[in-house]
């Protein structure tokens, strides 16, 4: 079986989707429970003794304009901006925001209870020195220095109640003398013009701040997928293999027209829609086992079986009787073929890791951690493309019918990264889990 690596599979904030039948559950990594995460002047943000104005500086993304949190003239109370978000008792949350020194040196971030009936004041407060980029008082806080004087500041806490959190960012001083105007641990006298620069607030479940995700009117909630219940597995033929902890899907044998069989669907959003994902650097890794590749089991129009694809036009991994193929294809059938790459393989009944890596205009296909073929993508865009938000396992189309292209296979796991993994990383993923499948 070979020497096992002790390291785990690659985990990064670029891991956009992870599904694993061993736990039955999977998740999407993006989450920001705030609304209007960059527009702190919006009415969804409350203001206490403060105003939000357009800043004079560029935000950390190098494109958009930041905002400025300013204390009201003669204000002696906290000068803060806040938003209320739902929370669950026992769930750890990380609150992060990009801050930069302006006229005020210190900032305060803290969790609070929005509704006093849910409990007394509760929270985790932290004071941050924006001149030095240091945390004054908290071990639950991280400060990451960025170019042009920006800091990404985050604080983590676990509420003891289910209800509504109030997340606050304020112009703050950690003691009575800081800035020479402090009147208490949280207060200073506002002058109507002095403040701090602010951009990109985020609140998410988990103990670390992941890649910032912009929101507007809607919250982005990290989605937990239940492959068995929510995504139709129990509604069609199939069984759960307890030995390999995998989902078994079957085709109708011999095939009918239209085809029938087992499948699972996932509805994707944002960077995981087909046009956004396939046209940019990405890595698609799947562990599966083909159980039947006999050509007599296909009719004239049903010549391949899909492993994991964006529905409609098998954009992703599929197999025929003698090849594995990965297709970059988005939308319109007649004119949106971008690139297709295959390598020969006709093994049946053996667990296999397939990985497709797009890096720039190069597509490389791997089997069991080893590169099989590579090619130059003909074009990076296609006319008439549309974006598909349905990801399907073991069939092509979301509705049953001709060209459903069901698979007779066992599915174990899927990882989709919004980055190109290196050859070393691809092999690390293979080595770290191969023992589960006896490979």
Between residue 41 and residue 54, what length comes free when the chain is fully extended (0.36 nm per residue of separation minus the Cα-Cα distance, one decimal in nm)? 3.8 nm
May I ask you to compute the full-extension gain from residue 218 to residue 292, defined as 0.36 nm times their residue separation minus their alpha-carbon distance, rounded to one decimal in nm? 22.2 nm
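Express in nm, to one decimal, how much length is gained between residue 280 and residue 89 on full extension, taking 0.36 nm for each residue of separation and deducting their alpha carbon distance. Walk me through the numbers before you get to the answer.
Numbers: separation 191, 0.36 × 191 = 68.76 nm, distance 3.83 nm.
Taking residue 280 through residue 89 to full extension adds about 64.9 nm, to one decimal.
FYI, it's all coordinate maths here, none of it is from the lab. On a predicted model such as this, the values are computed, not experimentally measured, just so you know.
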